Each structure stands twice: as structure tokens, then as C-alpha cells.
1. Scan the stretch 217-237 residue by residue and report those that are in contact with a helix residue (DSSP H, G or I) (Cβ under 6 Å, 6 or more places away or on another chain) and either of a type outside the set (Val, Ile, Thr) or part of a helix (DSSP H, G or I) (or both).
2. With respect to LYS45, is the statement that it is of a type in the set (Lys, Arg) and in contact with a strand residue (DSSP E or B) (Cβ under 8 Å, 6 or more places away or on another chain) true?
3. So how many residues does the stretch 158-183 have that are free of Cβ contacts under 8 Å to residues at least 12 places away in the same chain and away from the ligand (no atom under 16 Å from the Cβ)?
4. For the stretch 230-275: of the residues being among the charged types (D, E, K, R) and within 16 Å of the ligand (Cβ to nearest atom), which is nearest to ILE32 (Cα to Cα)?
5. Could you please find all residues in the stretch 21-76 being closer than 18 Å to VAL91 by Cα and of a type in the set (S, T, N, Q)?
6. Go through the residues of the stretch 29-36 one by one and say whether even a single one is of a type in the set (S, T, N, Q) and within 16 Å of the ligand (Cβ to nearest atom).
7. Give the stretch 8-21 a look and list any residue that's open to solvent by less than 20 Å² (accessible area, probe 1.4 Å) and touching a residue at least 60 places away in the same chain (Cβ under 8 Å), or say none.
Amino acid sequence: MKIFVDTAKLDEIKEACSWGIVDGVTTNPSLIKRAVDALKEKGEKVDMLTYIEQILKTAGKGHPVSLEVISLTSDEMFKEAIFLYERFNKVAGNVVIKIPINTFVQGCSYTNFEGLKTIKKLSERDIPVNCTLIMTPEQALLAAKAGARYASPFAGRVDDYIRKNLGISFKKGDYFDFELIEELRYQALEESIEDYIDQGERVDELYQNEEIIRGANFGKDNGISSGVDLVAQIVQIYSNYGFGTEVIASSMRNARQVREVAQAGAHIATIPFSVIKEMMQHPKTEEGIKLFTRDVVPEYRKIFEEK
Ligand code: E4P
């Protein structure tokens, strides 16, 4: 699995790239705001054109950097995408344009195809697109059909949505134990089904019983039981039909979630700087290095001094 760093902070990109495990970078307007705010707090001014160039050079050739458009209509997004690509791709040849799957333009119907139309036009010109804000496998299927090079399911935000609907309180980095939810769902459902069967209800009645229906969907977002499940379903669909679109598991909240999207077969995970650091941690590793350091005997130390 490739690892992208999910930040627009240049110092974080520089440090993460120095670790030798970063294959790309993703930004979005909120991440750019965070980076700009942090620089302003330090009293630094930001020349955005130069700043973006520095990000692209730091990531380097062959390491894609996603830059997002800011408009909501296809015509405007297309113009912005062309600007970003023509202005910045010459720096290191690594620009990817981020286009939202659905922009919900005010005044239009609830859904629109502005994002998809833009992806199609850009992919016809061989401009690589990262389709962002994907929350369902259906959206991911459409993004791939429109020609997106990458699809970004927001695993963490789907977990947030499910947890909030369940009334579970959580902090941003908390692991979502969707297997525990599944276990609870299964047990609760089994108990109520047994009760209804004891009362003589038939299968057709149970199928339409509101309590049973609620129980069966408990903790699910229209058949999706977690952000990891969303990623797994998209990977499966792409593999079924041989789509070349790569899945970027996005909105990563903690190290265990990264592990699970890797198990699910995500091609890429875009991971915040702090979560990459978390991936390195275990108390027994820390204890182990302290013990190894303590146990170095002079005879062994000497061989390194003489080399
Ligand atoms: C990645 O491309 C997304 O912009 C990012 O992962 C969103 O993460 P968030 O849900 O933590 O804001």
C-alpha cells in the first residue's frame, strides 16, 4: 500500500518525506487553511504560488500531490483545474486535480453531476483526477466510470457519521470498533426475532416488522458498517470490473484504521502526519530499545569504534 501524507503544512511534508516512506501528498482547502493559519501565527506571510511550488518540489517527481478546485460548477471547476495543472505541473510533473464527487450547487436539485462532468473532461485530456468526498460505493463506481485516476473514500467521516447516529461520543482520533457494533446488532436482533417467533409471528411479518428492520440496520449507513467497510466494498467493486482507478483511503483517524484499510486492499492511504507517527509506536518497542542500549557490552561497542 502506498502512503500519502494528508497535510498542506510544508514542514510536515518535508519531515515525512525525509522518513523515506511517503509516496505522495494530499491537500484540500481546509488543510491549506490550517497551514496558512499556522504560518500566520508565527508572523510569517504566505505567497501561495511559491508555497505550492515548494510542496510540489518537496514531494518530488513521481510523488503525486493533490490540489483541490474551489468552485461548484463544472465550467468553473474545469477552468480552475486547467489553471492548477498548467501553472504547477511544470514544477515537478506531479500535480493531481482534486474534484468533489457532488457539489450540491445552491438553487439546483439536491444532487448534481458537475463533479462527474469535470472529471470526464479532465480525464479525456489525460489530466489525473482525485475524486474526493466519496461516502458510498456507488459514488466511487461513478467516479471510476468518469475516468478518475484516484477515488478518495472518507473512511473517518463515515465512522463519525455512524457513531454520531448511534449517539456514541468520541474524540477525533478514537478507534471505531465496528466489529463490536456488529456483535451487538447480531445479538439484539437474534433476541428480538426469538421473542417474535415465540409470539407466533411469521417470516413475512418479521421482514416488515419495524423493530426488526431498525435492529438489522442498527449502526449501518445504508449497508455500510464503517469507513473500513466502505473502502473494502469499493476495492471489491473496482476489482470486479478491472477499473484502473486507485482507492485512496482518506480521512484516516488512527493507526489501527490504517491497518484495517491495508487489510481491505486500499491501494493508498492518505494519512495525517500525527497518525503516521502513531503507526510507529508500541510500549514494548520503546522498552526493548532501552534494554538493548543498556546491554551493550564494551567488547561489542569497541567493534564500531574501530571500524
Ligand atoms: C484527503 O484527501 C482528505 O482531504 C482528508 O483525508 C480529509 O480528512 P478529514 O476527514 O480528517 O478532514
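The values are calculated or read from the model by the stated rules, or taken from the named source; none is laboratory data. Keep in mind that this is a model prediction, so the values were computed, not measured. Neighbour counts are summed over all protein chains in view; Cβ atoms, including those assigned to glycine, are modelled from backbone coordinates with ideal geometry. Note: accessible area is taken over every heavy atom of the protein model, side chains too, but ligands, DNA and RNA are not part of it. Shrake-Rupley method; radii C 1.70, N 1.55, O 1.52, S 1.80 Å.
1. To start, the set of residues in the stretch 217-237 that are in contact with a helix residue (DSSP H, G or I) (Cβ under 6 Å, 6 or more places away or on another chain) comprises 218-219, 221, 224-228, 230-231, 233-234, 237.
Within the stretch 217-237, PHE218, GLY219, ASP221, SER225, SER226, GLY227, VAL228, LEU230, VAL231, GLN233, ILE234, ILE237 qualify.
2. Values: of a type in the set (Lys, Arg): yes; in contact with a strand residue (DSSP E or B) (Cβ under 8 Å, 6 or more places away or on another chain): no.
Spelling it out, it is not the case that LYS45 is of a type in the set (Lys, Arg) and in contact with a strand residue (DSSP E or B) (Cβ under 8 Å, 6 or more places away or on another chain).
3. 7
4. Of the stretch 230-275, the ones among the charged types (D, E, K, R) are 246, 253, 256, 259-260.
Next cut, within 16 Å of the ligand (Cβ to nearest atom) only: 246, 253, 256, 260.
Values: GLU246: 24, ARG253: 19, ARG256: 26, GLU260: 28 Å.
The qualifying residue nearest to ILE32 (Cα to Cα) is ARG253.
5. Start the filter on the stretch 21-76 by keeping residues that are closer than 18 Å to VAL91 by Cα, which leaves 23-27, 47-68.
Listed by number, the residues that qualify are THR26, THR27, THR50, GLN54, THR58, SER66.
6. Kept after step one, since they are of a type in the set (S, T, N, Q), are these residues of the stretch 29-36: 30.
Within this subset, residues satisfying the condition of being within 16 Å of the ligand (Cβ to nearest atom) are 30.
Yes: one or more hits.
7. Result: ALA16, single match.
Table: residues versus (1) among the β-branched types (Val, Ile, Thr); (2) assigned to a loop (DSSP other than H, G, I, E, B); (3) open to solvent by less than 10 Å² (accessible area, probe 1.4 Å).
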| position | (1), (2), (3) |
| --- | --- |
| LEU56 | no, no, yes |
| PHE78 | no, no, no |
| TYR85 | no, no, no |
| ILE99 | yes, no, yes |
